[in-house]
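Colleague: Have a look at this one before I ask anything.
Just so it is clear, none of the values below were taken in a lab; they were calculated from the coordinates. Treat the numbers as computed from the prediction; the structure is a model and nothing was measured. Note that each Cβ is placed from the backbone with ideal geometry, even for glycine, and that neighbours are counted across all protein chains shown.
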Amino acid sequence: MSAARLILALLLPIIGGCASHAPVPVEDRGAAPAAARPQAAAAKAAATPAGSHAAYHTVKKGETLYSIALDNGQDYKDVAAWNSLDNPNRIKVGQQLRVSPPDNGAPVAVAKPVSFGGPVEIKPAPASSAAQTAAPVSANTETLKREPKGGKLAYSDEALAKAQQVESAEKPAEIKPELKPAEAAPAEKSPVAGDDVDWMWPAGGKLLAPFAESGGKGVDIAGKAGDPVLAAASGTVSYAGAGLRGYGNLVVLRHNATYLSVYAHNSKILVKEKQTVTKGQKIAEMGSTDAESPRLHFEIRRQGKPADPQKFLPAR
């Protein structure tokens, strides 16, 4: 027993000294330093310009709000609303206009760590000193880290075994906050392809002028004054009027988020803005407004950009 007492005498001062120190403070690594957050935000703001090329348009000489809206595949009333324009005819050369919907500010799903409560306080149930001594002690509790203290426990085989457990106990496993997976954002609807729009020829005359990339942006169809002009596909009237120079009396139909169709040089317009029309419905009468002779100038616009109508219309 003298050897066991000698070992206990050597261990107790060491254990007592370790217990006298306060627990090491836990460092929270889950969040960035407060000073770093403003810098990160500033860097992000600098990297993202307030307006991108696709979102804004600078007014050039000869342009109107109607032509700008058409070239960007938008309704001129929406463009006017986005730019707080009371009069669509009052725009200036060099003025910057928003030509895409403003950011709706939808929240982005962000993963957040699960918060844990404070330390659990363990209170021993009333029992005899012998039962308390025999009860197993968890290696993760402060009870084990702080006991036995020198001068508080009488020598016993159990006390010696507990002291030896302090030296041989494994280091507690580090507990990391669990990250919740970010909620998946709803999938955006893909644009409707041209093949999904049921197209037809808007007039029955012969082709006067084909599509040209650097030319008239559409095709010219011959006819007589008063001939019917038909909707090439079902849609909604986006514009009806004479606000675009060179187009005369004009009708613009929106078929979906991607495609518009344009009907120019009419002698008479038979529909109103926001009116819903069906494929083959008579929307105007052929004429020669802003043209050399009676004809229909017809365009198909994909996201505001002119496309060759003959690639969409059925063969004839």
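Colleague: Can you order the peptides 198-210, 240-252 by their average number of other Cβ atoms within 10 Å per residue, highest first?
Modeller: Going by the mean number of other Cβ atoms within 10 Å, highest first, we get 240-252, 198-210.
Colleague: Here is the link list: Lys217/Lys274; Lys92/Lys217; Lys60/Lys206. Which ones come out longer than 29 Å on Cα distance?
Modeller: Going by Cα-Cα distance, Lys60/Lys206 fall outside the 29 Å limit.
Colleague: A further question on this structure: Relative contact order for segment 231-294 using alpha-carbon pairs under 8 Å, separation at least 6, rounded to a whole percent?
Modeller: Normalised by residue count, the contact order of segment 231-294 is 38 percent.
Colleague: Once Rh is set to the Kirkwood radius over Cα pairs, what Stokes-Einstein translational diffusion coefficient, in µm²/s, holds for segment 55-99 at a temperature of 20 °C and a viscosity of 1.002 mPa s? If you can, show how the numbers build up before the last one.
Modeller: Numbers: Rh = 10.1 Å.
In µm²/s, the coefficient rounds to 212.
Colleague: Counting Lys and Arg as +1 and Asp and Glu as -1, what is the net charge of the other residues whose Cβ lies under 12 Å from the Cβ of Ser293? Before the final figure, lay out each step's value.
Modeller: Working: positive: Lys224, Arg295; negative: Asp220, Asp290, Glu292.
Charge balance near Ser293 sits at -1.
Colleague: Sort the following peptides by mean Cβ neighbour count (other Cβ atoms within 10 Å, averaged over residues), highest first: 85-95, 296-306.
Modeller: Most protected by this proxy first, the peptides run 296-306, 85-95.
Colleague: Hey, another quick one. Kindly put Ser84, Ser238 in sequence by how many other C-beta atoms sit within 10 Å of each C-beta, fewest to most.
Modeller: Placing the least packed residue first, the sequence is Ser84, Ser238.
Colleague: Nothing charged except the Cβ atoms of Lys and Arg (+1) and of Asp and Glu (-1): what's the magnitude of the dipole of segment 195-311 about its Cα centre? Round to the nearest 20 debye. Walk me through the intermediate numbers first.
Modeller: Details: 15 positive and 12 negative charges, 46 e Å.
It comes to approximately 220 debye.
Colleague: Can you tell which of Leu208, Gly241, Ala284 lies farthest toward the positive end of the dipole of segment 195-311, using +1 and -1 charges on the Cβ of basic and acidic side chains (Lys, Arg; Asp, Glu)?
Modeller: Gly241
Colleague: Based on other C-beta atoms within 10 Å, arrange Tyr239, Tyr263 from fewest to most.
Modeller: Tyr239, Tyr263
Colleague: For Lys268, what residues show an amide H to amide H distance below 5 Å, using hydrogens built from the backbone and excluding near sequence neighbours?
Modeller: Glu285
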